[in-house]
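Below is one structure, written out as structure tokens; comments come after it.
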Amino acid sequence: MASDGQSNEKKPLLVWWGFGICVNCLAFSLMAGVLLLCVLFTGLHIPVGIEPLSLGEFLKLFYLSAAVPFLVLLGEILKGFSPWGFVVLGIVAVVLYGPIWIRKSLLSGRWKVGGFEYDGSTSSAFRKELNEAVKIVEQANEEIREAYESARPYASQLRERFQIGAAASGAAAEIARLVGPDCPDDFRLTFYVPDLLFSDRLYQFTEYYDKQGKLASEQQAGRTYSIRYGIIGRVWRSGVAEIEGELISPEDQMLLARDPRHGPIEKFIARRWGLTLAEAAHIKQYNSYAAIRLEIAESKVGVVFFYSKQLNAFGDNVARERALTEIKVMLEQSALVTKLLEINDEIASWSGRIQIFRNSKTGIV
């Protein structure tokens, strides 16, 4: 109940943890505090809040706070490599990304860093010499090919001038007659002479002729073989004439039967005759063969070679030996050997034959 005109209204209270606080008083206190801070900040020139940064100021802040410390750290690391670290890094960069001639020079040089030594001069010199040798050989092969192309028409002129075709035809018919009436129809004969270019090769000088002396092949003349190739090479080197009726002799057949490691047959032929496997596979069908070296006054002038695919095409052992003796006598008395000697002398007079295979201190064989 009111007395003496006084109001009975109560002031609003804020209860906080059991204490009553006057709301009006609290609001007035906060406003007074804010006003006081504003006066102080203004008087002391203290900025209020965070001013927005421009792009330039941001980059400056990043450079000073991040880039500079990183560059200082990197510099300290690089100083730790000094001085050889820079040399190594420089060499690696040049080797990987520099000009080719610089890389070759560095790799071929001799370097010594601390306890490590590198000498690339030997391997580089070998590679250089090898590359030069390859180029020389490639050029030489091309020139040899051209020389053989030129040799074909020259050999043809020699055959015509010395009438080698007629002489070879007559020799084929006469040899077939000496072999006997059972001389096979697939009898083929040709002549080899020393190669026109190389001293260690044989040159097929004529085409093949049959037992009647007729031409039996085309484009076979002009082929060349090593003096280490097959029966013609063996007879040329040894001078011992051979005539056989079986490519694989009975003794060799027994050897193959006892020891399978010598087979298959192509491998055995390749080992026996100095052939490749492809060549061995080709000649294994030629069972009967003969080769005789032609010579006059101790000068080797050529090899006569004839063959047949038939087994024992030239008779048994006795018949073959008789035929071989008679053939050798016939060839020694023929004008063919003299003509081949004249051809050989003519070639040798203006062309020193190239020698590739030889025994020497350099180990070339």
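The values are calculated or read from the model by the stated rules, or taken from the named source; none is laboratory data. Because the structure is a prediction, the values reported are computed rather than measured. All Cβ positions, even for glycine, are placed from backbone atoms using ideal geometry, and neighbour counts span all protein chains on display. All accessible areas refer to the heavy atoms of the entire protein, side chains included, with ligands and DNA or RNA removed. Shrake-Rupley method; radii C 1.70, N 1.55, O 1.52, S 1.80 Å.
Points to keep in mind about this one:
- Taken residue by residue, segment 287-307 has no member that is more than 22 Å from Y203 (Cα to Cα), open to solvent by 50 Å² or more (accessible area, probe 1.4 Å) and modelled with pLDDT of 85 or more.
- All of (1) touching a Gly at 6+ places or on another chain (Cβ under 8 Å); (2) closer than 26 Å to C183 by Cβ; (3) modelled with pLDDT under 80 hold for D252 with one exception: (1).
- Test: E279 is surrounded by 18 or more Cβ atoms within 10 Å (Cβ to Cβ), assigned to a helix (DSSP H, G or I) and under 37 Å from the mean Cα position of the chain (by Cα): no
- Residue in segment 135-147 that is of a type in the set (K, R), under 27 Å from E346 (Cα atoms) and outside any loop (DSSP other than H, G, I, E, B) present: yes
- When the criteria are applied in full, L178 meets the requirement of being over 30 Å from S349 (Cα atoms), part of a helix (DSSP H, G or I) and in contact (Cβ under 8 Å) with a residue 60 or more places away in the chain.
- Taken over segment 134-163, the criterion of being touching a residue at least 60 places away in the same chain (Cβ under 8 Å) and more than 43 Å from the chain's Cα centre (by Cα) is satisfied by F162, Q163.
- With respect to being without any contact (Cβ under 8 Å) to a residue 40 or more places away in the chain and open to solvent by less than 50 Å² (accessible area, probe 1.4 Å), E266 fits the description.
- Boolean, R110 is at pLDDT 65 or above and either farther than 30 Å from R223 by Cβ or open to solvent by 50 Å² or more (accessible area, probe 1.4 Å) (or both): no
- The set of residues in segment 201-216 that are free of Cβ contacts under 8 Å to residues at least 40 places away in the same chain and open to solvent by less than 20 Å² (accessible area, probe 1.4 Å) contains only Q204.
- Highlighted here are the strands (runs of 3 or more DSSP E) found entirely within segment 188-254 that include at least 2 residues which are within 39 Å of the chain's Cα centre (by Cα) and closer than 30 Å to E160 by Cβ: 188-194, 201-204, 224-226.
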